[in-house]
1. Please go through segment 177-212 and give me each residue that is within 26 Å of the chain's Cα centre (by Cα), closer than 30 Å to Thr233 by Cα and either of a type in the set (A, V, I, L, M) or not assigned by TED's automatic domain parsing to the domain that holds Phe160 (or both), ordered by number.
2. Taking the stated definitions as given, is Thr28 within 36 Å of the chain's Cα centre (by Cα) and either β-branched (Val, Ile, Thr) or assigned by TED's automatic domain parsing to the domain that holds Thr348 (or both)?
3. Would you call Thr282 within 20 Å of the chain's Cα centre (by Cα), β-branched (Val, Ile, Thr), closer than 27 Å to Phe209 by Cβ and not in a loop (DSSP other than H, G, I, E, B)?
4. Within segment 1-40, count every residue that is exposed (fewer than 13 other Cβ atoms within 10 Å of the Cβ) and of a type in the set (Phe, Trp, Tyr).
5. Answer yes or no: is there a residue in segment 358-372 that is more than 24 Å from Leu445 (Cα to Cα), among the charged types (D, E, K, R) and either in a loop (DSSP other than H, G, I, E, B) or in contact with a His (Cβ under 8 Å, 6 or more places away or on another chain) (or both).
Amino acid sequence: MGMLQLKHDTIHDVHVGARRVLFHVPTTGLFELDTLSSAVLDLFKDKGQVTPGDVRDCFEGSHNADDIAQTIRDFLDLGVVTDGPNPTQDARPPLKIDNYPLSTIILNVNTGCNLSCSYCYKEDLATPKEGLKMDFPTARKSIDLLLAEATMRDRINVVFFGGEPLTNFDLIQQVVAYTEKRCAEENKIADFSLTTNATLLTPEIVDFFNAHKFGIAVSIDGPKAVHDKNRKTVGGKGTYDVVSDKACMLLARYTARPVGARVTLTRGVTDVVGIHRHLRDTFGFYEVGFAPATSADISAFNLNAEELSEVFLKMKELGRLYLKAALKGENIGFGNLHQLMTDLHEGTRKSLPCGAGLGLLSVDTKGDLNLCHRFTGSTLPTFGSVDKGIDKPRLGALIEAAGKRAGTGCETCRIQNICSSGCYHESYAKYGDPLHPTYHYCDHLRDWVDFGIEVYIQILNENPDFFERHINPRIAAKDSTGQFAILSGQDAS
């Protein structure tokens, strides 16, 4: 061999007890290093550029020459070392969008909401009386657009959003009936879901959801004192008591699918472990996911830097409980870490933050197409309408720009293919640009992924059956909505 050099941007070392694991940045693959591969990697890390003489000096008499040569070939095959120029990690063909494989449409059925949550990001939010409701012709055209664009899909996803979507339940019923009729004609399966504040749930509504196998998430922030701090009625009263009663009724009556809880963490609220325990033990939610608020319009509700650090420390504390349970074969329903386990097990490699603009679009009450549900009512231009269709040239230009990392901190970041610059709306709310990297999360997310790798390796070595039972079904059911984005942004409902 000639002189070889290490491509530092392609690797990240993680030590898990006595084990040494190589995180391969380009593929998000994990490789456990043996004694020889560790020694070869250390030689390259120490010298940067390695000659055949360096290899002889380091290993002569201690390892078989063929084994050394094979290890170096393995590193070459992975692109960890190279005998040519050493480009930055983003030296790859620019992203080119030729197809728009739409699978999910989000219907913003009403801008009105019966709550007035202090941290809500919705720019078009209104009271129930003043809310703009989507009509059935607009919703029907949305479904027709989805089916026209999803010709290669066996399943489509229809998500109902608001405001509070149950303030327009009549429309939801109409849409479900029409969608199921059209899917029967197209030989497709329709999945329905919504996020609700639960206050308007009735046994009859829950039975309807059961009959049509809705995916349901309830927005609830924790115990009474925490929840009532921000989640109030339009009249200013706390809503924990009514949400608690309705959530208990839902969880006792609903059997079609697991029900999750979505928690928004705001200024002064960092007790991730206590909130998770309350929502799992008191209510029995299947999974609890946490969204730290860092870019709400009213800065008084955003976590400050110290609180955000505390949140991630508490998430790791809860993560250790997740690990302890996983080694027994149990899943305690910590949504954030469970999603990270899914990404690592699947070897997720994201070129884009999520499926917004490709697999997913959101329709507002006027029928305009938004990048996702978080952008309805914002100043970000829309991308066509249900009447005119998708403005694919302009949408493609934005998505292609989102795939460019050159000149940003993402270009050489080790978690670039897991985070992929972060949530579009988080960037828009924080920096005024949906393509701006979410730098305020970077250090925390890198540390969080390192923690996740440690957890993953321990489970893989001590109870690999956990992935077969709890992760593989999740991968099989994955849609295009970009679940990792649960780490950022705030809930609307």
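1. Of everything in segment 177-212, those that are within 26 Å of the chain's Cα centre (by Cα), closer than 30 Å to Thr233 by Cα and either of a type in the set (A, V, I, L, M) or not assigned by TED's automatic domain parsing to the domain that holds Phe160 (or both) turn out to be Leu194, Ala198.
2. Criteria met by Thr28.
3. No, not satisfied.
4. 0
5. Yes, segment 358-372 contains at least one residue that is more than 24 Å from Leu445 (Cα to Cα), among the charged types (D, E, K, R) and either in a loop (DSSP other than H, G, I, E, B) or in contact with a His (Cβ under 8 Å, 6 or more places away or on another chain) (or both).
Each row is one residue, and each column tells you yes or no for (1) assigned to a strand (DSSP E or B); (2) more than 30 Å from Thr379 (Cα to Cα); (3) touching a strand residue (DSSP E or B) at 6+ places or on another chain (Cβ under 7 Å); (4) at pLDDT 95 or above.
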site	(1), (2), (3), (4)
Val218	yes, no, yes, yes
Asp241	no, yes, no, yes
Arg267	no, no, no, no
Asp297	no, no, no, no
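One line per residue, one yes/no per condition, for (1) polar (S, T, N, Q); (2) in contact (Cβ under 8 Å) with a residue 24 or more places away in the chain; (3) not assigned by TED's automatic domain parsing to the domain that holds Glu454:
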residue: Gly238; (1), (2), (3): no, no, no
residue: Cys248; (1), (2), (3): no, yes, no
residue: Thr264; (1), (2), (3): yes, yes, no
residue: His276; (1), (2), (3): no, yes, no
residue: Phe285; (1), (2), (3): no, yes, no
residue: Leu313; (1), (2), (3): no, no, no
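Residue-by-condition table, conditions (1) surrounded by fewer than 19 Cβ atoms within 10 Å (Cβ to Cβ); (2) of a type in the set (A, V, I, L, M); (3) out of contact with any Gly (no Cβ under 7 Å at 6 or more places or on another chain); (4) modelled with pLDDT under 80:
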{"site": "Asp42", "(1), (2), (3), (4)": "yes, no, yes, no"}
{"site": "Asp46", "(1), (2), (3), (4)": "yes, no, yes, no"}
{"site": "Glu60", "(1), (2), (3), (4)": "yes, no, yes, no"}
{"site": "Phe75", "(1), (2), (3), (4)": "no, no, yes, no"}
{"site": "Pro93", "(1), (2), (3), (4)": "yes, no, yes, yes"}
{"site": "Leu115", "(1), (2), (3), (4)": "no, yes, yes, no"}
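The values are calculated or read from the model by the stated rules, or taken from the named source; none is laboratory data. Given the structure is predicted, the values throughout are model-derived calculations rather than measurements. Glycine also receives a Cβ, built like all others from the backbone with ideal geometry; neighbour counts cover every protein chain displayed.
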